[in-house]
Amino acid sequence: MAKRKGPTPARQRARRVDPTAPFLTPDASPLRAAVERRSATVIVFLSHLPRALPGLVVVLLVAAGLLAPPVVSGVALLVVGALLAWLVFLSWGRVPAVGRAVRCVVIALVLGYALTRFAA
């Protein structure tokens, strides 16, 4: 039987955010620089969590958004929409125009459905 291999040192390093690497976009607007500066601590914190945990939290929030009573589901979907908007904002400069459009449509759909849950 083959010996089970654990994560290699390269994989372990790939999962962690390098705290010495710059998080700020060069020549960014003051708003972007402020958001990136505040997001850096959150990103470092998330990089130290088990890999599946953030995804599992989002899946649970989406499930709550689809299955919970209207007000609870609306709040859960607003949180998902805010997380998506934050990630899109941080990755905006590296994503091609088609990817930006798709991400904006997804955010609009999530937030639109959240608003319909509040109206229900």
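A few remarks follow.
- Condition broken by R103, with the remaining ones in (1) surrounded by 13 or more Cβ atoms within 10 Å (Cβ to Cβ); (2) of a type outside the set (S, T, Y); (3) in contact (Cβ under 8 Å) with a residue 60 or more places away in the chain satisfied: (3)
- Selection count where residues are loosely packed, with under 12 Cβ neighbours inside 10 Å and over 12 Å from the mean Cα position of the chain (by Cα), scope segment 35-48: 4
- Scanning segment 64-93 for residues that are in contact (Cβ under 8 Å) with a residue 12 or more places away in the chain, under 13 Å from L115 (Cα atoms) and exposed (fewer than 13 other Cβ atoms within 10 Å of the Cβ) yields P70, V71.
Any read-out appearing in this document is the output of simple, stated calculations on the displayed coordinates, not a laboratory observation. The model shown is predicted, which means the values in this text are computed figures rather than measured ones. Virtual Cβ from ideal backbone geometry, glycine too; neighbours counted across all protein chains shown.
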